[in-house]
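Notes follow once the structure below has been shown.
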Amino acid sequence: EKSGYEHYMLKEIHEQPTALRQTLSGRIDELNGEVDLDIDLPKEYLNSLEEVTFVACGTSYHAGLYAAQLVESLADVRASAEIASEYEFDGGRDPWRTLVVPVTQSGETADTLSALRRAKRAGARSLAVTNTLGSTVTREADETVFIRAGPEIGVAATKTFVSQVATLALLSVAFARARGELSTTDAIEFLGHVRQLPGAVQKVLDEEAAFKEAATEYADGEAFFFIGRKLGYPVALEGALKLKEIAYVHAEGFAAGELKHGPLALVTPKSPVLAVLTQGSSPEATLNNVKEVESRGAPVLGCTSLRDAEKFLDVTFDMPELGALSPLIANVCFQLFAYHVAKLKGRSIDKPRNLAKSVTVE
Ligand code: F6R
């Protein structure tokens, strides 16, 4: 059932265009710039919202961080992502004007469920985003949107991350339209990008050989640093998480501007740096950070379409650009890089040590 792939993870990485088509199917009205997610949240309620809070763990938390930026920029409402195990419903939030959005592939993550329960006890409304029909979160949240990515067997989340972010992008448009914050023209443009996502991801997948080559060249790095700004920041965190969990190497994601506030001391010729330099991630500003690490001798691998970035990069992953969705495409580069590093190291890719697919303890 791995359809000729050596690991479920690789199969699921390659399934991303299909997963995305399933996620998006029947939900976009591109002609009118509208989205139909079949949720029952009255327009008046969405209009009165003061805050949207995504609660999640691990990769789903990174999807929440991505979504929070989309919601703020499109729907003009305060939004944040909170690590579920740290989340408390306090800080003067008004339960009637706060929508809590648990994001969970499995729908069974104990930390996420208990964050949802704390929010519900305080009186907040909730909307779950999950891959799993009939899961606990669907029974406990007021509303549910399914990401429809299909079953994911590999412990490391891959296709469900991209489908989660795509679903949350649609949700951002739905909120924005209901609140009158996004013009039809702008909605059509954004949804056009969403529609092109499967094809753009496929373009990256077609270049797998390049990621394998980069992995072969840099697999013996002592540590790997992923940097990005704006929408590139959650992708940097996710790139590092994937590498640590399947390759068992030290990897960290940083907001690129934070490097000079400490982490730069870790940078050496033995610590490859992977940078998000796409649209939606302030690539020019991040390029300055690329120069900082380059001058310390670190090899730099960058996802970019900027021609002038190439001269500062040891390896360039050529990126199709899709506005605010470009960093999400860069994530596919990081998945393939992590996979090939892990494979070279002979790791147990589909079942990394110490990890479980669904974490049902707090
Ligand atoms: C990483 C990974 C985990 C999960 C986390 C949340 O690849 O899979 O970090 O993302 O355990 O799981 P869900 O989304 O099922 O709540």
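The residues of the stretch 232-285 that are within 15 Å of the ligand (Cβ to nearest atom), in a helix (DSSP H, G or I) and not aliphatic (A, V, I, L, M), listed by number, are 234, 238, 239, 242, 244, 245.
Output the residues belonging to the stretch 15-33 that are crowded, with 17+ Cβ neighbours inside 10 Å and either touching an Asp or Glu at 6+ places or on another chain (Cβ under 8 Å) or not hydroxyl-bearing (Ser, Thr, Tyr) (or both).
15, 16, 17, 19, 20, 22, 24, 27, 28, 33
If you filter the stretch 318-351 down to residues that are touching a residue at least 12 places away in the same chain (Cβ under 8 Å) and of a type in the set (Ser, Thr, Tyr), you find that the one that is surrounded by the fewest Cβ atoms within 10 Å (Cβ to Cβ) is 326.
Kindly indicate whether residue 138 is closer than 23 Å to residue 53 by Cα, in contact with a strand residue (DSSP E or B) (Cβ under 7 Å, 6 or more places away or on another chain) and assigned to a helix (DSSP H, G or I). Here the answer is yes, as residue 138 does meet what is asked. Output the number of residues of the stretch 153-194 satisfying the condition of being within 13 Å of the ligand (Cβ to nearest atom), of a type in the set (Ser, Thr, Tyr) and outside any loop (DSSP other than H, G, I, E, B). The qualifying residues number 3. When the stretch 66-83 is examined, which residues are found to be closer than 19 Å to residue 330 by Cβ, surrounded by fewer than 24 Cβ atoms within 10 Å (Cβ to Cβ) and of a type in the set (A, V, I, L, M, F, W, C)? Within the stretch 66-83, just 68 meets the criteria. Evaluate the following for residue 221: is it more than 16 Å from the ligand (Cβ to nearest atom) and of a type outside the set (Lys, Arg)? Here the answer is yes, as residue 221 does meet what is asked. From the list 328, 306, 355, 301, the lone residue that is within 17 Å of residue 229 (Cβ to Cβ) and within 16 Å of the ligand (Cβ to nearest atom) is 328.
One residue alone among 56, 81, 75, 63 is more than 16 Å from the ligand (Cβ to nearest atom) and either without any contact (Cβ under 8 Å) to a residue 60 or more places away in the chain or small (Gly, Ala, Ser) (or both), and that residue is 75. Please verify whether the stretch 31-51 includes one or more residues that are under 24 Å from residue 134 (Cα atoms) and within 16 Å of the ligand (Cβ to nearest atom). Within the stretch 31-51 (the criterion being under 24 Å from residue 134 (Cα atoms) and within 16 Å of the ligand (Cβ to nearest atom)), the answer is no, since none of the residues qualifies.
Results for (1) farther than 23 Å from residue 163 by Cα; (2) touching a helix residue (DSSP H, G or I) at 6+ places or on another chain (Cβ under 8 Å); (3) at pLDDT below 95, shown as yes or no for each residue.
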position: 266; (1), (2), (3): yes, no, no
position: 280; (1), (2), (3): no, yes, no
position: 293; (1), (2), (3): yes, yes, no
position: 296; (1), (2), (3): yes, yes, no
position: 325; (1), (2), (3): no, yes, no
position: 328; (1), (2), (3): no, yes, no
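Might you let me know whether the stretch 99-113 holds any residue that is buried (at least 17 other Cβ atoms within 10 Å of the Cβ), away from the ligand (no atom under 16 Å from the Cβ) and either over 16 Å from residue 176 (Cβ atoms) or touching a residue at least 60 places away in the same chain (Cβ under 8 Å) (or both)? No, the stretch 99-113 contains no residue that is buried (at least 17 other Cβ atoms within 10 Å of the Cβ), away from the ligand (no atom under 16 Å from the Cβ) and either over 16 Å from residue 176 (Cβ atoms) or touching a residue at least 60 places away in the same chain (Cβ under 8 Å) (or both).
Filter the stretch 40-58 down to the residues that are within 25 Å of residue 110 (Cβ to Cβ) and of a type outside the set (Phe, Trp, Tyr), then identify the one that is surrounded by the fewest Cβ atoms within 10 Å (Cβ to Cβ).
Within the stretch 40-58, the match that is surrounded by the fewest Cβ atoms within 10 Å (Cβ to Cβ) is 51.
Please work out which residue is nearest to residue 112 (Cα to Cα), limiting yourself to the stretch 352-362 and to residues that are in contact (Cβ under 8 Å) with a residue 24 or more places away in the chain and among the polar types (S, T, N, Q). Among those residues, the one meeting the criterion is 360. Residue 28 - would you say it is within 16 Å of the ligand (Cβ to nearest atom) and farther than 14 Å from residue 130 by Cα? Criteria not met by residue 28.
When we screen 121, 148 for residues that are touching a residue at least 24 places away in the same chain (Cβ under 8 Å), more than 14 Å from the ligand (Cβ to nearest atom) and closer than 30 Å to residue 337 by Cα, the only hit is 148.
The values are calculated or read from the model by the stated rules, or taken from the named source; none is laboratory data. Worth saying up front: this structure is predicted, and the values here are computed from it rather than measured. Cβ: placed from backbone, ideal geometry, glycine included. Neighbour counts: every protein chain shown.
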